[in-house]
Amino acid sequence: MKLAISSDHGGNNLRREIKDLLTELNIDFTDFGPDSDTSVDYPDYAKAVTSGVASGEFDRGILICGTGIGMSIAANKTNGIRCALCHDVFSAKATRGHNDTNVLAMGERVIGPGLAREIVQTWLETPFEGGRHERRIEKLMALENN
Ligand code: RB5
């Protein structure tokens with residue numbers, strides 16, 4: 001799996017923690033920054049990740065900001081992206097199984113690093129269930145053209 005990750009200034013600390021986890025899990029990732037704690041605009045950093053996932057260069061993306069909300073809104077504006085904002089393990093598992101999400105958003109100001117690690121690992125390891133969910137994904141993606 002090839003993964004892309006970025007944050008804004010509000011997600012820098014959690015991004016470092018998640019990069020450590022990805023290294024521990026032997027997951028190939030590219031970090032799109034930012035490289036400093038200077039205030040930046042989260043849509044710019046969301047786009048760096050989502051364009052790479054939408055094009056197929058990366059299989060999955062992880063986006064982190066203060067709340068995760070701005071990043072998740074930005075991510076879902078790119079065609080081909082299904083981004084879920086998750087702050088619990090149940091949702092992380094369900095959104096892979098049911099929504100086949102290809103981007104995960106989290107908020108550094110909302111959850112601690114231990115829970116974030118569990119969420120990321122669960123989200124990475126849970127397969128899409130297919131079946132009845134396939135039809136729903138097709139209908140979901142058809143909304144992009146309306
Ligand atoms: C930045 O202060 C903050 O607005 C951002 O990290 C995020 O929470 C936006 O949704």
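Bear in mind these aren't lab numbers, they're just calculated from the coordinates by the rules spelled out. None of these values were measured; they are calculated from a predicted model. Glycine also receives a Cβ, built like all others from the backbone with ideal geometry; neighbour counts cover every protein chain displayed.
Beyond a 21 Å Cα-Cα separation, which of these cross-linked pairs lie in this structure: LYS19/LYS47; LYS77/LYS139; LYS2/LYS93; LYS2/LYS139? Present the calculation step by step, with values, prior to reporting the outcome.
Values: LYS19/LYS47 19 Å; LYS77/LYS139 16 Å; LYS2/LYS93 19 Å; LYS2/LYS139 27 Å.
Those over the limit are LYS2/LYS139.
Report, to the nearest 10°, how far helix 132-142 tilts away from the longest principal axis of the Cα atoms in the chain, using its own Cα long axis and a range of 0 to 90°.
For 132-142 against the chain, the angle is about 70 degrees.
Measure nothing fancy, just the Cα-based angle from helix 113-125's long axis to the longest principal axis of the chain, in degrees from 0 to 90, nearest 10.
Roughly 30 degrees between the two axes.
If you take the charge dipole of region 1-44 about its Cα centre, with +1 on Lys and Arg Cβ and -1 on Asp and Glu Cβ, which of THR30, SER7, PRO43 is farthest toward its positive end?
Selected residue: THR30.
Report the label-to-label distance for THR30 and ARG132 in nanometres (one decimal), using points 7 Å from each Cα along the Cα→Cβ vector.
3.9
Give the peptides 96-108, 36-48, 74-86 in descending order of average Cβ contacts within 10 Å, highest first.
Result, highest mean first: 96-108, 74-86, 36-48.
Given the chain, what whole percent of its Cα pairs are spread farther than 20 Å? Don't skip to the end; give the middle numbers.
On the way: 4428 of 10585 pairs.
Looking at the chain, the distances longer than 20 Å represent 42 percent of pairs.
Which of ALA74, GLY52, ILE62 sits farthest toward the positive end of the charge dipole of region 44-128, with +1 on the Cβ of Lys and Arg and -1 on the Cβ of Asp and Glu?
ALA74
How far, in nm, would the chain grow between ASN146 and MET1 when pulled straight, counting 0.36 nm per residue and subtracting the alpha carbon separation?
On the way: separation 145, 0.36 × 145 = 52.20 nm, distance 3.14 nm.
Extra length available between ASN146 and MET1 comes to 49.1 nm.
Assign unit charges at the C-beta atoms only (+1 for Lys and Arg, -1 for Asp and Glu), then state the dipole size of the chain relative to its Cα centre in Debye, rounded to the nearest 20. List each step's numbers first, then the result.
Values: 16 positive and 21 negative charges, 104 e Å.
The calculated dipole for the chain is roughly 500 debye.
If you wrap a convex hull around the alpha carbons of region 1-83, what volume per residue comes out, as a whole number of Å³? List each step's numbers first, then the result.
Values: hull volume 6.3 nm³, N = 83.
Measuring per residue, one finds 76 Å³ for the Cα hull of region 1-83.
Which FRET efficiency value, to the nearest 0.05, do you get for GLU57 and LYS93 by plugging their Cβ-Cβ distance into 1/(1 + (r/R0)^6) with R0 = 25 Å?
Values: r = 26 Å, r/R0 = 1.05.
With a Förster radius of 25 Å, E is 0.45.
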